[in-house]
Each structure stands twice: as structure tokens, then as C-alpha cells.
Amino acid sequence: MENERKHYRPSWDDYFMAIVKIIASRGTCDRLYAGSVLVKDNRIIATGYNGSPPGLPHCDDIGHLLEEGHCVRTIHGEHNSLLQAARLSSTSTEGSTMYTKYSPCIHCAKYVIACGIKRVVIGKVYRNPSAVDMLKEAGVQIDLYQENPEWQEELLKIFSEEIPVRVNNGEVKTEVKNS
């Protein structure tokens, strides 16, 4: 199979940070497309992105609701992942890891601490570094994610190639004809 390329297996941090970027794309406030993945024992227990509470209008639909220069219409991605865990998961957040596209705001940092998150992996420190300091002071391990060029190249390949289909004889095809 000469056309098959070598598979690159990402680290856990590479894997979950890629998922964070996809989740952030669901955001509904164009001021910042942020996302979060909550992980325990290398299993996703919840996800979140910046968006309005369920059933309420989104910034993208009716505009921003600003207070002191901040949009308060949306719930932040970090907060949304914690709320999703509370509503839908039977797994405790105690001892889990949170992956975020951007560093949490000061309010989300308080929620992270209160929920017993042990580690936060941050894609980029955004606006207020004192929130990161607060997390550290509370004993939360903070890791600034370093993008892996090999993994970034692999992601480009993954999202640009057609999905191959194997047929009974082992032959790889990218197109399936309906019979």
C-alpha cells in the first residue's frame, strides 16, 4: 500500500487541545471564540464554548450585551464545561484536567478551583494573567500548551484529505458508488 502515509499519534495534550479548537468554533459571541474540554483519566467528561444560556438569543443573532466593556450575554467556555459536567455527567470533576483555548477569566478561575480541577492546560494567556496566578496559588497545576509542529502538520492533512474506505479485498478507495 504505497499511497498510505505514516500515522502520527498525538500526545494527550495535542489531542485535547485540537478538540478545544473545534469546540471553540461552535461559539456564538464573535468577541472571542473560546472553548474548553474537561478530562478525567484521559476521557472527556464535558465540553464548553462561549455561548448564551440554552433557549436565549445569541450575540451572533442579536448583538452583544455589554457591561463595563465585557459581553455578559454569554457563558464562558470553561464555565459551560463545568455546568455540562454538573448537568450531564455522573463523574466528579475532582482531580480532572481542563484544556482551554485561552486562560480563564478571574470568575472562571474561581469556578475551576471550587470544582477541584487539578490541572489547566492553556493555549494562550488572555487579558488578565492574575487569574492564572490565582489558580497557581490554589495549587492548580498550570501548563502553557506548546504547539507541536508535527501535530499541526498532521491536523492539516487529517482535515484536508478524503476519508478512505476499505473494501472487502483490502483495496483503499476514496469514493464509494451506490449500487
For segment 159-164, just list the computed ³J(HN,Hα) in residue order, Karplus coefficients 6.51, -1.76 and 1.60, θ = phi - 60°, integers in Hz, with x standing in for Gly and Pro.
8, 10, 8, 6, 7, x
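How many percent of Cα pairs in segment 1-73 exceed 13 Å?
On the way: 1883 of 2628 pairs.
Counting every Cα pair in segment 1-73, those more than 13 Å apart make up 72 percent.
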Can you tally the lysine pairs in segment 36-164 where the Cα-Cα distance is under 22 Å and the two residues are eight or more apart, or on different chains?
15
Normalised by the empirical 2.2 N^0.38 Å for globular proteins, what value does the Cα Rg of segment 52-145 take?
1.13
Project the alpha carbons of the chain onto their principal axes and report the range along each, largest first, in whole Å.
61, 39, 33
Place the peptides 123-129, 42-48, 156-162, 101-107 in order of packing, highest mean first, counting for every residue the other Cβ atoms within 10 Å and averaging per peptide.
101-107, 42-48, 123-129, 156-162
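All of the numbers you see were taken from the coordinates with simple rules; none came from a lab. No experiment lies behind these values; they were computed from the predicted model shown. Glycine gets a Cβ as well: all are built from the backbone with ideal geometry, and neighbour counts include every protein chain shown.
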